[in-house]
Amino acid sequence: MSNWTPRPFERKAIQTGVPQDYLQPLLVEGQRLRDRGVPVVYTLGHLAAICNVPYRLLRDIVCREFDPTDSSTLKREPAAIGKSLSRSHT
């Protein structure tokens, strides 16, 4: 993920009309992160593209509309949970 280069990002931003006074600090921060070996991720859409996952999935997780750790989606045997809990307290 640390193979970010500023030129394609800058080119796309200029094409879409991003003002230079907004763009320049982003490029500086991106370069600073890259120099430290930290992944450069500007938006949730950018993260989705880097991770090759649907943007909507990440958005639902962030907005707490989908919880990948929700216990209702995990298949567990209630009796087994009770037994392991009672053993740990004795």
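The values are calculated or read from the model by the stated rules, or taken from the named source; none is laboratory data. Computed from a predicted model, the values in this text were never measured in an experiment. Every residue, glycine among them, receives a Cβ derived from its backbone with ideal geometry; neighbour counts consider all protein chains shown.
Just checking, which of ILE50, ILE61 is at pLDDT below 90, of a type outside the set (Asp, Glu), within 12 Å of TRP4 (Cα to Cα) and under 14 Å from the mean Cα position of the chain (by Cα)?
Details: ILE61 fails: within 12 Å of TRP4 (Cα to Cα).
Of ILE50, ILE61, the one residue that is at pLDDT below 90, of a type outside the set (Asp, Glu), within 12 Å of TRP4 (Cα to Cα) and under 14 Å from the mean Cα position of the chain (by Cα) is ILE50.
Give segment 16-63 a look and list any residue that's basic (Lys, Arg) and surrounded by 14 or more Cβ atoms within 10 Å (Cβ to Cβ), or say none.
Hits for segment 16-63 are ARG34, ARG59.
Does any residue of segment 25-33 turn out to be among the β-branched types (Val, Ile, Thr) and at pLDDT 90 or above?
yes
Output the residues belonging to segment 4-19 that are closer than 16 Å to VAL41 by Cβ and of a type outside the set (Val, Ile, Thr).
TRP4, PRO6, PRO8, PHE9, LYS12, ALA13
As an exercise: evaluate VAL53 against (1) under 30 Å from GLU65 (Cα atoms); (2) not in a loop (DSSP other than H, G, I, E, B) and give the number of the one condition it does not meet.
(2)
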